[in-house]
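A short worksheet on the structure shown next.
The values are calculated or read from the model by the stated rules, or taken from the named source; none is laboratory data. For clarity, every value in this text was computed on a predicted model and none was experimentally measured. Cβ sites come from the backbone with ideal geometry, for glycine too, and all protein chains shown count toward neighbours. Accessible surface is based on the protein model in full, side chains and every heavy atom, while ligands, DNA and RNA are left aside. Shrake-Rupley method; radii C 1.70, N 1.55, O 1.52, S 1.80 Å.
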Amino acid sequence: MTAPAPRPSLRDWFPTTAAMHALEPRRRSHVSGQLNLKSCELLHPAVARWYADQLGRLDPGVVVEYPLTAPAVGAVAAHFGEAAPRVLLTPGSDHAIHVVAEALAAPARRLVVARPHFDSWTHCAARFGFRLDAVDLPQRAPLPVEPLIERLLSAGPAVLVITQPDSITGQLYTRAELARAVAAAHEHGSILVVDTCYLAYAEDGESTLEGLAGWDNAVRINSFSKSHGLAGARVGAVLAEASVVDYLARWSPDGMLSHVSLALLERALAEPAVFRSARAEVRRARAELASGVERMLPGWSARPTEANFVAFDAEPQDAERVYAELLGRGIRTRLLNGVPGFSGGLRVATPSMSAVGRVMNALAGLRTQTRS
């Protein structure tokens, strides 16, 4: 039998999730030789050399044998000073977000979050059918925790998400703010989720989470992509009260992470000095970029940040021009024009002093070209 001609679209002849058609597919792209300062990976030369050495030492068993997560769970628990039953490993923080979204936000039918936010939450809302109740970032100002709490309390129980520090601006909430949020959520019968993907770059950042200790409605999502250079290995974790982890484990069974990824995670956690040194350089590079751009580009303003990037406010046309010029010089950044909280601007990752030096050299060339 000859196959018929393809029909126009799957949704024309088969039941599909209507909300998903409004979203763009999430595909990553890379241009050879381009410096990617949009995705905020830990592209530090010393970290790359360390992994090159470690990969050559891996036992073949990590390829030919099925993985067991218990040793890595133990290493992560020790790293965070937690008990092993309070740790769930996931193949990247994206999957951790999907687990929390499907297991917790979908039954509650509502998730409260700042806007802008990591786009996985938007995709999960469409995929799992809950309402994304977003609070817009105010123009050129940090978002206090109170508007998020007020939005949470405006309707029934929900999941409240706070990114610590924020993934667009780098804003760090205080220990007192997080303590108020978890207490309000607890009284409301809701869950507070704190995404700590960038927290390793904040000075004494872990201390901001101390107010969450002992609360059974506090859930932490953590990635090792930014802090330990494991973006390609895809390793994330959820930390929560043991019964919550036990429930979430039904959405993320053992065996979803590769044995290679688990082995690299264990080795990385066993040698913290390598990554502490790299993150210290990132903080220096962050300060260098902020001051340098403000000096070289009149009218540009760096926002306070505790992440591994700097977000700048600028006139929209100027931001678009600088974005295009940097891209033309092989440097990819994130344009913030029209993003809630920004009339115009740019976000630039700071993975190393050498990467920031390349940005500054490009800007110097741009300024010379403009003057001529």
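Data for the structure
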quantity: Positions within the stretch 321-349 being in a helix (DSSP H, G or I), under 18 Å from C40 (Cα atoms) and without any contact (Cβ under 8 Å) to a residue 24 or more places away in the chain, in sequence order; calculated: Y323, L327
quantity: Extreme residue, surrounded by the most Cβ atoms within 10 Å (Cβ to Cβ), among residues of the stretch 187-207 that are touching a Pro at 6+ places or on another chain (Cβ under 9 Å) and assigned to a helix (DSSP H, G or I); calculated: Y201
quantity: Top-ranked residue of the stretch 123-180 - restricted to ones that are in a strand (DSSP E or B) and not hydrophobic (A, V, I, L, M, F, W, C), ranked as nearest to P25 (Cα to Cα); calculated: R131
quantity: Near pairs, Cβ below 7 angstrom, 6+ apart or cross-chain, from the stretch 98-111 (over 12 Å from Y247 (Cβ atoms)) to any residue that is open to solvent by 10 Å² or more (accessible area, probe 1.4 Å) and among the acidic types (D, E); calculated: R110/D133; L111/D133
quantity: Subset of the stretch 155-174 (residues that are under 23 Å from L335 (Cα atoms), touching a Lys or Arg at 6+ places or on another chain (Cβ under 8 Å) and open to solvent by less than 10 Å² (accessible area, probe 1.4 Å)); calculated: I168, T169, G170
quantity: Qualifying positions in the stretch 1-20 - loosely packed, with under 12 Cβ neighbours inside 10 Å and not in a loop (DSSP other than H, G, I, E, B); calculated: L10, D12, A18
quantity: Number of positions in the stretch 252-278 that are within 18 Å of A231 (Cα to Cα) and either touching a helix residue (DSSP H, G or I) at 6+ places or on another chain (Cβ under 6 Å) or not in a helix (DSSP H, G or I) (or both); calculated: 16
quantity: Matching residues, the stretch 208-225, being assigned to a helix (DSSP H, G or I) and either open to solvent by less than 30 Å² (accessible area, probe 1.4 Å) or of a type in the set (G, A, S) (or both); calculated: T208, L209, G211, L212, S225
quantity: Residue in the stretch 21-28 that is part of a loop (DSSP other than H, G, I, E, B), within 25 Å of T305 (Cβ to Cβ) and without any contact (Cβ under 8 Å) to a residue 24 or more places away in the chain present; calculated: yes
quantity: Residue ID - surrounded by the fewest Cβ atoms within 10 Å (Cβ to Cβ), chosen from residues in the stretch 21-44 that are of a type in the set (S, T, Y) and closer than 27 Å to T122 by Cα; calculated: S29
quantity: Residues that are open to solvent by 50 Å² or more (accessible area, probe 1.4 Å), within 21 Å of A364 (Cβ to Cβ) and among the small types (G, A, S), drawn from the stretch 307-338; calculated: A324, G328
quantity: Top-ranked residue of the stretch 104-142 - restricted to ones that are charged (D, E, K, R) and open to solvent by less than 20 Å² (accessible area, probe 1.4 Å), ranked as nearest to P165 (Cα to Cα); calculated: D133
quantity: G232 vs. criteria assigned to a loop (DSSP other than H, G, I, E, B), open to solvent by 50 Å² or more (accessible area, probe 1.4 Å) and more than 15 Å from H98 (Cα to Cα); calculated: yes
quantity: I191 being under 22 Å from P340 (Cα atoms) and either modelled with pLDDT of 95 or more or hydrophobic (A, V, I, L, M, F, W, C) (or both); calculated: no
quantity: Candidates V47, V73, V63, filtered to the one that is open to solvent by 80 Å² or more (accessible area, probe 1.4 Å), of a type in the set (A, V, I, L, M, F, W, C) and either more than 17 Å from L264 (Cβ to Cβ) or not in a loop (DSSP other than H, G, I, E, B) (or both); calculated: V63
quantity: Some residue of the stretch 312-320 being aliphatic (A, V, I, L, M) and assigned to a helix (DSSP H, G or I); calculated: yes
quantity: Odd one out for H117 among (1) at pLDDT 95 or above; (2) within 20 Å of A349 (Cα to Cα); calculated: (1)
quantity: One residue from E294, E306 being part of a loop (DSSP other than H, G, I, E, B), among the charged types (D, E, K, R) and either touching a Cys at 6+ places or on another chain (Cβ under 9 Å) or at pLDDT 95 or above (or both); calculated: E306
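Results for (1) on the phi < 0 side of the Ramachandran plot; (2) modelled with pLDDT of 95 or more, shown as yes or no for each residue.
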| site | (1), (2) |
| --- | --- |
| S32 | yes, no |
| L35 | yes, no |
| V63 | yes, no |
| T69 | yes, no |
| G81 | no, yes |
| R86 | yes, yes |
| P91 | yes, no |
| A103 | yes, yes |
